[in-house]
Amino acid sequence: PEESGPRLDFYNAHTEEAKDIYEKHIVWPAAAAAEAEDAGVEPDHPKMQKLVFNSDAESYIACMCGQAVPGKARKEQSRSEEKNPDDGLSSYVLSRMPAERQVEAVVRHFSVVSYSRQLRKRLPPNTLRALSDTMLMEMLQQCAVLAAGNWVLKSQHAGFEGLEAHARDLLICLLDKRCGALRREEYEKWAAIFEKCTQRAARDEMTRSIAVWEEESKTWKLKNPPDNEFVKQFPKVAEESGKWWDVHRVDIIKKVQSIDRRSSGHAGAAAVAAASARQRGRWLNEVREVLALGAMSTVDLRKTIQKRNPTVAVRQEELEQVLVHKDLEAVQVRDLWMLARTGKQDHDKFRTTLASLFRQRDLVSRKDILTEYEQQHKEECKLSDYVMRTLLREITDRADRDSYVLKGTLMRD
């Protein structure tokens, strides 16, 4: 008699599931290892690290007996965790964004980014294979400026405007000209220039976002050390950046001198509004990272971001302003929010179809989706079953074998 139990799906060598395993576990590791070898560096992915066998008998016996890892191994493990922090900006999250948004997300995440040590290590392998260094530089120049060989988030992207933006730009310029280190007297001279036209809290905020104070040398240092390797590898980019800073510094000084400082500063409610706008700018990147994993309601989104930022209150009204911000590129489907673009046109067409259907109906079938897709895009959907199921899981829950409802509907019912 036939044994009872769930029937397992069979996937032959020509299915998308088999292809996915082949590309992710065979092709990608080989390509990533070759790239690392060409660059003369060790692969940073945990699965591609060399095996290290501990010859210490004490460690071996302790592990075999299920005891705690001895001191030396614990220190090694701690260093490994510091090298690969779990900060939410994973390769998978980035892969769900268009390439230019991936670059911007990394720059926003760190504020000060090394091209080789941080940006290239964070970007997904597929992005690195698809984009040349020249293309990456063009994307970086849209959201960052070069200082001491590192890329620093532009002042406008950091939420600073007017004289506050000029103050931050001049600070970055000084750090660039001083090889990433500014002595106390030089920093105080900069602060004195903008003392009457900017709030001290704003100056402190812009300083700490890009620099750290070193007590021993009494200097403010850029968060990353000078990246001389970048300057050697891309001398033309560094030269153009230096010329741009020379012109921009003169423009800043002229603008500051031409403004009546006694009446141009942020005071009272205006200063609070400016600080609130900068906080919304920081939330924008957080929201993009969370929505890259799938559609989410405003309530769940707020809870998720609050857990990631336990020391800062996430206000509902600020979150709602972030969701409608043009730079986020999010769309609303009833009470769910999702990113409008993922960087893959065929995927985005399917997601657009789902969004339009669920704005009109509570329950849709696979046939409904494919029919609507053909009507909207004037072509048949060529996505595989595997890809369609993956995209459906982002925004829907399965109601029965061939019908779907908007995510969270079944929980409410």
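Those residues that are open to solvent by 70 Å² or more (accessible area, probe 1.4 Å) and closer than 20 Å to Asp169 by Cα, I need them from the stretch 230-249; list them, please.
Those that are open to solvent by 70 Å² or more (accessible area, probe 1.4 Å) and closer than 20 Å to Asp169 by Cα: Glu239, Glu240, Lys243, Trp244, Val247, Arg249.
Which of the residues that make up the stretch 210-229 are open to solvent by less than 50 Å² (accessible area, probe 1.4 Å) and within 22 Å of the chain's Cα centre (by Cα)?
Matches in the stretch 210-229: Ile210, Ala211, Leu222, Asn224, Asp227.
Being hydrophobic (A, V, I, L, M, F, W, C), under 15 Å from Leu171 (Cβ atoms) and outside any loop (DSSP other than H, G, I, E, B) is the filter here; which residues of the stretch 145-159 pass it?
Val145, Leu146, Ala147, Val152, Leu153 - these are the residues of the stretch 145-159 that are hydrophobic (A, V, I, L, M, F, W, C), under 15 Å from Leu171 (Cβ atoms) and outside any loop (DSSP other than H, G, I, E, B).
Conditions tested, residue by residue: (1) under 25 Å from the mean Cα position of the chain (by Cα); (2) under 25 Å from Leu323 (Cβ atoms).
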| residue | (1), (2) |
| --- | --- |
| Phe350 | yes, yes |
| Ala355 | yes, yes |
| Asp368 | no, no |
| Leu392 | yes, yes |
| Ile395 | yes, yes |
| Leu406 | no, yes |
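Can you tell me which residues in the stretch 377-390 are surrounded by 14 or more Cβ atoms within 10 Å (Cβ to Cβ), in contact with a Ser or Thr (Cβ under 9 Å, 6 or more places away or on another chain) and of a type outside the set (Gly, Ala, Ser)?
His377, Cys381, Tyr386, listed by residue number.
Could you identify the single residue in Arg302, Arg282, Arg278 that is modelled with pLDDT of 90 or more and either within 21 Å of the chain's Cα centre (by Cα) or among the β-branched types (Val, Ile, Thr) (or both)?
None of the other options fit; the residue is Arg302.
What are the pairs with Cβ atoms under 8 angstrom where one residue, in the stretch 129-143, is touching a residue at least 60 places away in the same chain (Cβ under 8 Å) and the other, located anywhere, is surrounded by fewer than 17 Cβ atoms within 10 Å (Cβ to Cβ) and in a helix (DSSP H, G or I)? Sequence gap at least six, or different chains.
Matching pairs, first to second residue: Arg129/Ala31.
In contact with a Ser or Thr (Cβ under 9 Å, 6 or more places away or on another chain) and open to solvent by less than 40 Å² (accessible area, probe 1.4 Å): which single residue out of Ala148, Ala181, Ala144, Ala202 fits that description?
Just one listed residue meets the conditions, Ala181.
Kindly provide the set of residues from the stretch 301-322 that are out of contact with any helix residue (DSSP H, G or I) (no Cβ under 7 Å at 6 or more places or on another chain) and either in contact (Cβ under 8 Å) with a residue 24 or more places away in the chain or among the β-branched types (Val, Ile, Thr) (or both), ordered by number.
Selection gives Thr311, Val312.
Residues being farther than 21 Å from Lys154 by Cβ, at pLDDT 75 or above and of a type outside the set (Gly, Ala, Ser): count how many of those fall in the stretch 237-261.
Residues in the stretch 237-261 being farther than 21 Å from Lys154 by Cβ, at pLDDT 75 or above and of a type outside the set (Gly, Ala, Ser): 1 in total.
Any residue that is surrounded by 11 or more Cβ atoms within 10 Å (Cβ to Cβ), closer than 24 Å to Leu123 by Cβ, modelled with pLDDT of 75 or more and out of contact with any helix residue (DSSP H, G or I) (no Cβ under 9 Å at 6 or more places or on another chain) - is there at least one of those in the stretch 33-49?
no
Answer with yes or no whether Ala191 is within 17 Å of Ser111 (Cβ to Cβ), assigned to a helix (DSSP H, G or I) and either modelled with pLDDT under 95 or hydrophobic (A, V, I, L, M, F, W, C) (or both).
no
Of the residues Ala340, Ala313, which is of a type in the set (A, V, I, L, M) and in contact with a Lys or Arg (Cβ under 9 Å, 6 or more places away or on another chain)?
Ala340
Take Glu195 and decide whether it is surrounded by fewer than 18 Cβ atoms within 10 Å (Cβ to Cβ) and farther than 16 Å from Glu164 by Cα.
It is false that Glu195 is surrounded by fewer than 18 Cβ atoms within 10 Å (Cβ to Cβ) and farther than 16 Å from Glu164 by Cα.
Could you list all residues from the stretch 106-138 that are assigned to a helix (DSSP H, G or I), hydrophobic (A, V, I, L, M, F, W, C), under 23 Å from Lys236 (Cα atoms) and under 14 Å from the mean Cα position of the chain (by Cα)?
The answer is Val107, Leu119.
The values are calculated or read from the model by the stated rules, or taken from the named source; none is laboratory data. Because the structure is a prediction, the values reported are computed rather than measured. Cβ: placed from backbone, ideal geometry, glycine included. Neighbour counts: every protein chain shown. What goes into the accessible areas is simple: the full protein's heavy atoms, side chains included, and nothing from ligands, DNA or RNA. Shrake-Rupley method; radii C 1.70, N 1.55, O 1.52, S 1.80 Å.
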